[in-house]
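Here's the structure we're looking at; comments come further down.
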Amino acid sequence: MNYHQSWAAKGHHEGGRDRHLQARSMERAAVNIYRTDNSYEMLLFAPGRIREHFNLEVKGTELVISYFPPQDFPRPDWVHREYSRGGFVRSFTLDEAVDPAGIQAKYVDGVLQVSLPVVPGKERVSHAIPVS
């Protein structure tokens, strides 16, 4: 499984508000990914969000995770701000080992936990390459 910033997340999206939110997406949702014996586990750190406003979608070989706050989301007149609870879009390329139909997600304590099961026998073979 590989991470890449999608075309939309780079800010090439219709609409000024969406473009601004997506251009700053990297600042708003840090991701850690680890591998278990039978899955990839993704932890997307997004505290202060509303569970119902997350959207996860598989588009071909890409997992797209987005969040857009409700229109009436409070926007204080900040004196100082180091963290934002705004919208974001993140995308991840799924390899053939991931079973897209089995992907599950839950939002617990400010962390979106996404489990991406691996199809046995589909994992890529790895081997060491000697340096001469």
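Here is a yes/no grid of residues against (1) open to solvent by 90 Å² or more (accessible area, probe 1.4 Å); (2) among the acidic types (Asp, Glu):
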site	(1), (2)
GLU41	no, yes
VAL58	no, no
LEU63	no, no
PRO69	no, no
PHE73	no, no
PHE88	no, no
GLU96	yes, yes
LYS106	yes, no
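Could you list, in sequence order, all residues of segment 108-130 that are part of a loop (DSSP other than H, G, I, E, B) and open to solvent by less than 60 Å² (accessible area, probe 1.4 Å)?
Passing the criteria: GLY110, VAL119.
If a residue has to be in a loop (DSSP other than H, G, I, E, B), under 16 Å from the mean Cα position of the chain (by Cα) and of a type outside the set (Lys, Arg) to count, how many in segment 85-98 make the cut? Reasoning before the result, please.
Of the residues in segment 85-98, the ones in a loop (DSSP other than H, G, I, E, B) are 85-87, 94-97.
Filter again for under 16 Å from the mean Cα position of the chain (by Cα), leaving 85-87, 94-95.
Narrowing the set further to residues that are of a type outside the set (Lys, Arg) leaves 86-87, 94-95.
Matching residues across segment 85-98 total 4.
I'm checking my understanding of the structure. Among residues of segment 45-84 that are part of a loop (DSSP other than H, G, I, E, B) and charged (D, E, K, R), which one is nearest to ARG124 (Cα to Cα)? Break it down stepwise before answering.
Taking segment 45-84 and keeping what is part of a loop (DSSP other than H, G, I, E, B), we get 46-50, 60-61, 68-84.
With charged (D, E, K, R) added as a condition, the list becomes 49, 72, 75, 77, 81-82.
On the way: ARG49: 35, ASP72: 46, ARG75: 46, ASP77: 50, ARG81: 43, GLU82: 40 Å.
Filtering first and then ranking leaves ARG49.
The values are calculated or read from the model by the stated rules, or taken from the named source; none is laboratory data. Every value quoted in this text rests on a predicted model; they were computed, and no experiment measured them. Heads up: the accessible areas ignore ligands, DNA and RNA and are worked out on the full protein's heavy atoms, side chains in. Shrake-Rupley method; radii C 1.70, N 1.55, O 1.52, S 1.80 Å.
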